[in-house]
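Right, one structure below, let's go through it.
The values are calculated or read from the model by the stated rules, or taken from the named source; none is laboratory data. Keep in mind the model is a prediction, meaning the values are calculated, not measured. Every residue, glycine among them, receives a Cβ derived from its backbone with ideal geometry; neighbour counts consider all protein chains shown.
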Amino acid sequence: MSVKVTDMSPQFLKAYRDASRKALDAAANVYEGNLKRRFMKGYYTSQAFRSTAQIVQHVQREEPMFTGNGWSSKVGIPDGIPAVAKAKRGKKVSKSATPRTMVGKIALAWEMGHHNLFSRKWERVEIFKPVAIESAKQMVDTYNRVLNRFLERGRAVK
Amino acid sequence: MTLPKYVVPSSLTLPSTASTTQIYGTLRKHLIDYVSPSTDTLAGFVGTRIWVRAAPADPVFPYLTLRLDRTSLPAYNGYRETAILEVQGVGKPDSQLPLVESAMDIVDQAMTSLTARSSGLIVGRGRTRQTVPQLTDPADSSVVAVVANYELYLWPVVLTSRA
């Protein structure tokens, strides 16, 4: 008669990796939701572009990627989306007159601050960073809750 | 108690963490006083043009701006803060980019070596730095900028001292 002693670490590591991926995605989802909710209170005041609507439309989160430092996800505006100019009365909406103007660049200018060509002043409206700071605790709580739930579920299956 | 109404030159006792204004003053003075191993100082690049939040109207380029975001986790009972100091180096026209990058190199050195413990405690930890890509409308595309964020730990007197 013998008792088999087995190292379950491969199963644990796989379960942990899967659970932490879901947990990170859930935390990123919290930030994405808070970001879009915050945009509903109003945003940039650029006159040439319907900046707020376009930015809200394009805020999205990436699928988590596994990196040397664990899972990583990005929430923001993808590169390469051209800004659409405001439609003039009786005319169709067209692409911006300056094709190199991208939605992401407009957001970046407002977030980082810029010398504004129209107002001739330094302009800055930050949303991404303050929302990230405000969301940090909620994101950590969500991450822990989802991680625990999926690890518990993995244990029950085993 | 006389409340301060405005800040005038020499009205602050530095270094100090006794108020938010003095924390800003302490960080600004640290940057101005820092001398690199090759004896470079920020004065050679931006003079004393280190502004809090934003430069005044019609600024002289290049210049630096400072901005603090301070948060505290419940684990520290609100006493110890994790602060992000954002430093922006701004130049115009775009030929000033090397000047701005060099100025930010000195800022990097100064903030990496920061340990201010004569009043409360400010310790520099991690940092990130990016050259801002060329912006388009509505931004003036001839303006160049480098932005760096420094993670600081603060035990400021303004929070930790109680009567």
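Looking for whichever is exposed (fewer than 13 other Cβ atoms within 10 Å of the Cβ) and within 22 Å of B:Asp108 (Cβ to Cβ) here; the options are B:Thr82, B:Thr48. Which one fits? Working first, answer last.
Working: B:Thr82 fails: exposed (fewer than 13 other Cβ atoms within 10 Å of the Cβ).
On inspection, the qualifying residue turns out to be B:Thr48.
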query: Of the residues that make up segment A:70-78, is at least one more than 9 Å from chain B (Cβ to nearest Cβ), out of contact with any Leu (no Cβ under 9 Å at 6 or more places or on another chain) and modelled with pLDDT under 85?
result: no
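Looking only at segment B:110-143, how many residues end up being under 23 Å from B:Leu14 (Cα atoms) and in a loop (DSSP other than H, G, I, E, B)? Steps first, please.
First, the residues of segment B:110-143 that are under 23 Å from B:Leu14 (Cα atoms): B:110-125.
Those left that are additionally in a loop (DSSP other than H, G, I, E, B): B:113-114, B:117-120.
Residues that pass the stated criteria total 6.
Out of all the residues in segment B:69-79, is one or more at pLDDT below 95, part of a helix (DSSP H, G or I), surrounded by fewer than 13 Cβ atoms within 10 Å (Cβ to Cβ) and not acidic (Asp, Glu)? Step through it out loud before you land on a result.
First, pick out the residues of segment B:69-79 that are at pLDDT below 95: B:69-79.
Pick out the ones that are also part of a helix (DSSP H, G or I) and you get B:74-76.
Next cut, surrounded by fewer than 13 Cβ atoms within 10 Å (Cβ to Cβ) only: B:74-75.
Next cut, not acidic (Asp, Glu) only: B:74-75.
Yes, segment B:69-79 contains at least one residue that is at pLDDT below 95, part of a helix (DSSP H, G or I), surrounded by fewer than 13 Cβ atoms within 10 Å (Cβ to Cβ) and not acidic (Asp, Glu).
Go through segment A:73-86 and give me each residue that's under 11 Å from the mean Cα position of the chain (by Cα) and either within 14 Å of A:Ser20 (Cα to Cα) or assigned to a strand (DSSP E or B) (or both).
First pass over segment A:73-86, keeping only residues under 11 Å from the mean Cα position of the chain (by Cα): A:73-78.
The answer is A:Ser73, A:Val75, A:Gly76.
Got a sec? Which of B:Val107, B:Val146 is under 30 Å from A:Leu117 (Cα atoms) and either outside any strand (DSSP E or B) or away from chain A (no Cβ under 14 Å) (or both)? First the steps, then the outcome.
Working: B:Val146 fails: either outside any strand (DSSP E or B) or away from chain A (no Cβ under 14 Å) (or both).
It is B:Val107.
In this structure, is B:Leu66 within 17 Å of B:Tyr34 (Cα to Cα), within 13 Å of chain A (Cβ to nearest Cβ), among the aliphatic types (A, V, I, L, M) and in contact with a strand residue (DSSP E or B) (Cβ under 9 Å, 6 or more places away or on another chain)?
Values: within 17 Å of B:Tyr34 (Cα to Cα): yes; within 13 Å of chain A (Cβ to nearest Cβ): yes; among the aliphatic types (A, V, I, L, M): yes; in contact with a strand residue (DSSP E or B) (Cβ under 9 Å, 6 or more places away or on another chain): yes.
For B:Leu66, the condition - within 17 Å of B:Tyr34 (Cα to Cα), within 13 Å of chain A (Cβ to nearest Cβ), among the aliphatic types (A, V, I, L, M) and in contact with a strand residue (DSSP E or B) (Cβ under 9 Å, 6 or more places away or on another chain) - is met.
What residue, of A:Thr67, A:Thr45, A:Thr52, is at pLDDT 90 or above, among the hydroxyl-bearing types (Ser, Thr, Tyr) and more than 20 Å from A:Asp141 (Cα to Cα)? Spell out the reasoning first.
Details: A:Thr45 fails: at pLDDT 90 or above; A:Thr52 fails: at pLDDT 90 or above.
Going through A:Thr67, A:Thr45, A:Thr52 in turn, the sole match is A:Thr67.
Of all residues in segment B:131-140, count the ones that are facing chain A (nearest Cβ under 9 Å) and surrounded by fewer than 16 Cβ atoms within 10 Å (Cβ to Cβ). Give the steps one after another, and end with the answer.
At the first step, the residues of segment B:131-140 found to be facing chain A (nearest Cβ under 9 Å) are B:132-140.
Next cut, surrounded by fewer than 16 Cβ atoms within 10 Å (Cβ to Cβ) only: B:133-134.
Summing the residues that are facing chain A (nearest Cβ under 9 Å) and surrounded by fewer than 16 Cβ atoms within 10 Å (Cβ to Cβ) in segment B:131-140 gives 2.
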